[in-house]
């Protein structure tokens, strides 16, 4: 009859090789991901605070107004777009030339 309860003489843990210690690698991966999540959170908060600052006027603007575009430049651009609109309307309203494939 086999003995089910054998006496163990040595209770030393067998030494595992480092490259097979998967439990250690999982712990390192979880810790790394936790640290990266915390770093990403603080970096995102830093960017949010930096972008969300109030607008500060440049030192030379005492009146509280920023430099504006001259009226002549705006009129020139509006004229350019109105001429483009007229040209587009002419192209759309002109009859398309019929291409005869037999020629």
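The values are calculated or read from the model by the stated rules, or taken from the named source; none is laboratory data. Note that the structure is a prediction, hence the values are computed from the model and not measured. Don't worry about glycine lacking a Cβ; one is built from the backbone with ideal geometry, like all the others, and counts go over all protein chains shown.
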Check on residue 101, surrounded by fewer than 10 Cβ atoms within 10 Å (Cβ to Cβ) and either modelled with pLDDT of 70 or more or over 34 Å from the mean Cα position of the chain (by Cα) (or both): yes
Considering only the stretch 53-65, I want to know if a residue exists there that is assigned to a helix (DSSP H, G or I), on the phi < 0 side of the Ramachandran plot and either out of contact with any helix residue (DSSP H, G or I) (no Cβ under 9 Å at 6 or more places or on another chain) or at pLDDT 90 or above (or both). no
